[in-house]
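The values are calculated or read from the model by the stated rules, or taken from the named source; none is laboratory data. Everything numeric in this text was worked out from a predicted model, so none of it was measured. All Cβ positions, glycine included, derive from the backbone under ideal geometry; neighbour counts span all protein chains shown.
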């Protein structure tokens, strides 16, 4: 007998809830309709926090890592180089859950992993890296954009792996909201209920 997400969220077993959250992360890689496919990330700039939506590209569950791709010239990369802490937010309307995850980012650029990943991307996905101008630069008209070759576009491609250290989980329910803290430590995970 399979257990539905809602019934798992309604029970008091945080280990099962943790497993289900990571199931959702994994589903978010392939399922474009999943709320986990497009998480929002927050990075810290010089004067403020910045929020962006990214595409979840991979999950390395055994290491509590989520992966996204971005342009090496983007402001988020500069911010992560200055402060590698990152917050990730997901609201899953269907299951009425909110995920706030905290982690540290590691940037991969022009290494074997990037070359292999770049080779597996569709031309449509690669096109995001083919614009000659730096992301965020002011232009007079969108027709002014100049494009690079696919090979040159590779020079703008980076991979960001985020090692999640904790998740704050919230389940909204008319019978009573539930909130928990899931902490990932080297030797074991720790789970705590929180006041919602």
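Okay, residues lined up against (1) assigned to a helix (DSSP H, G or I); (2) closer than 21 Å to residue 166 by Cβ; (3) at pLDDT 95 or above:
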site	(1), (2), (3)
6	yes, no, no
12	no, yes, no
15	yes, yes, no
36	yes, yes, yes
42	no, yes, yes
Which listed residue, of 47, 32, is under 26 Å from residue 105 (Cβ atoms), modelled with pLDDT under 90, out of contact with any helix residue (DSSP H, G or I) (no Cβ under 8 Å at 6 or more places or on another chain) and surrounded by fewer than 13 Cβ atoms within 10 Å (Cβ to Cβ): 47
Residues within segment 149-172 that are surrounded by fewer than 16 Cβ atoms within 10 Å (Cβ to Cβ) and farther than 30 Å from residue 13 by Cα, tallied: 5
Hits in segment 154-192 (condition: out of contact with any strand residue (DSSP E or B) (no Cβ under 6 Å at 6 or more places or on another chain) and within 22 Å of residue 70 (Cα to Cα)): 154, 155, 157
Residue match in segment 101-112 (condition: under 20 Å from the mean Cα position of the chain (by Cα) and at positive phi): no
Selection from segment 186-196 of residues that are without any contact (Cβ under 8 Å) to a residue 12 or more places away in the chain and either surrounded by 18 or more Cβ atoms within 10 Å (Cβ to Cβ) or in a loop (DSSP other than H, G, I, E, B) (or both): 186, 187, 188
Checking residue 166 against (1) at pLDDT below 95; (2) part of a strand (DSSP E or B), the condition it does not meet: (1)
Tabulated pairs, segment 3-19, first over 18 Å from residue 195 (Cα atoms), second in a helix (DSSP H, G or I) and modelled with pLDDT under 70, C-beta under 8 angstrom, 6+ apart or interchain: 16/8
Of all residues making up segment 35-60, the number that are over 26 Å from residue 130 (Cα atoms) and more than 13 Å from the chain's Cα centre (by Cα): 5
Pick from segment 128-147, criterion in contact with a strand residue (DSSP E or B) (Cβ under 8 Å, 6 or more places away or on another chain) and part of a helix (DSSP H, G or I), ranking: nearest to residue 78 (Cα to Cα): 129
Considering residues of segment 106-136 that are touching a helix residue (DSSP H, G or I) at 6+ places or on another chain (Cβ under 7 Å) and free of Cβ contacts under 8 Å to residues at least 60 places away in the same chain only, the residue surrounded by the most Cβ atoms within 10 Å (Cβ to Cβ): 129
